[in-house]
Amino acid sequence: GQRGLASVVAARAAGAGLVIVSGTPHDHRRLRHATDLGADRVVDIGTDDLATVVLDATGGRGVDVVVDTSAGAVEPVSQAIDCVADGGTVVLGGLKQGRHAALDVDRVVLRAIRIQGARSAGWPAYHRALELLGDNPGLGSLRTHVFDLEHAADAMAVLKGDDPDRVYVGIDPAG
């Protein structure tokens with residue numbers, strides 16, 4: 001979704017050498033956006049094993065940071081542990097709606113993996129995010145649905161729906 005795609009831009013701005021984005025078979029449009037925004041590889045987890053792709057791309061080492069922005073799904077937490085390098089960091093930025101992830105604590109401890117929750121940020125982070133938005137005109141393509149104020153109910157229906165092409169739904173009061 002939009003948080004995952006924004007993470008691609010943020011990772012590039014932070015100097016990441018390798019950016020790999022995963023998604024489900026329904027995320028084909030989002031995966032295409034990820035490539036457009038700078039991802040080196042995209043992985044459809046319906047056809048490829050994410051850990052195998054990541055470990056192959058890193059010579060078996062894994063990546064330094066994994067960011068999980070998925071909402072509701074707990075499988076990505078275990079996948080993140082499989083993909084992160086020893087001593088690396090797993091950032092959890094998606095609420096799981098009360099679901100509990102199976103976590104092999106021994107693997108986390110023995111591999112010195114850091115798990116970090118991310119909820120929001122202060123003004124300096126918002127300021128930097130706005131700079132990144134201005135520096136990356138390709139982000140405009142993420143606005144997949146825009147409604148005028150009169151059709152706000154339709155916008156909410158799209159948000160709640162299963163449209164696989166939905167990335168960002170906006171309401172423009174000016175029409």
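Which one is right for this structure if Rg and Dmax of the Cα atoms in Å is calculated from it: [x] 23.1, 70; [y] 15.9, 43; [z] 17.1, 56?
Checking each listed value against the structure points to [z].
State, to one decimal in nm, how far the label point of Thr47 lies from the label point of His151, with both points 7 Å from Cα in the Cβ direction.
3.3 nm
Compute the signed sum of charges (Lys and Arg +1, Asp and Glu -1) over the other residues within less than 15 Å, Cβ to Cβ, of Val8.
Taking every other residue near Val8 into account, the sum is +1.
Determine the sum of side-chain charges near Ala174: Lys and Arg each +1, Asp and Glu each -1, restricted to other residues whose C-beta is under 14 angstrom from that of Ala174.
Charge balance near Ala174 sits at -3.
Ignoring ligands, DNA and RNA, what percent of the accessible area of the chain is carbon or sulfur (1.4 Å)?
Exposed carbon and sulfur together represent 54 percent of the surface.
State, as an integer percentage, the relative contact order of region 37-122 based on alpha-carbon contacts under 8 Å between residues 6 or more apart. Provide the component values of the computation, followed by the final result.
On the way: 123 pairs, mean separation 22.4, N = 86.
Answer for region 37-122 is 26 percent.
What does the highest-first list of 35-47, 88-100, 71-83 look like by mean Cβ count within 10 Å?
71-83, 35-47, 88-100
Before anything else, pin down the relative contact order of the chain: Cα pairs under 8 Å, at least 6 apart, normalised by residue count, whole percent.
Computed value for the chain: 18 percent relative contact order.
Provide the net charge surrounding Cys83, with neighbours chosen by a C-beta distance below 13 Å and charges set as Lys +1, Arg +1, Asp -1, Glu -1.
So the environment of Cys83 carries a net charge of -4.
For region 55-134, what does the alpha-carbon gyration tensor say about shape, rounded, prolate or oblate, given a ≥ b ≥ c as the root eigenvalues, a/c under 1.5 as rounded, and a/b over b/c as prolate?
oblate
Using a 1.4 Å probe, what is the accessible area per residue for the chain, in Å²?
Details: 10560 Å² over 175 residues.
Dividing the accessible area of the chain by its residue count gives 60 Å².
Please list Asp106, Asp163, Asp27 from largest to smallest accessible area, probe radius 1.4 Å, with all protein chains kept in place.
From most exposed to least exposed: Asp106, Asp163, Asp27.
The values are calculated or read from the model by the stated rules, or taken from the named source; none is laboratory data. In this text the structure is predicted, and so the values were computed from the model without any measurement. Neighbour counts are summed over all protein chains in view; Cβ atoms, including those assigned to glycine, are modelled from backbone coordinates with ideal geometry. Surface areas here come from the heavy atoms of the whole protein model, side chains and all, with no ligands, DNA or RNA. Shrake-Rupley method; radii C 1.70, N 1.55, O 1.52, S 1.80 Å.
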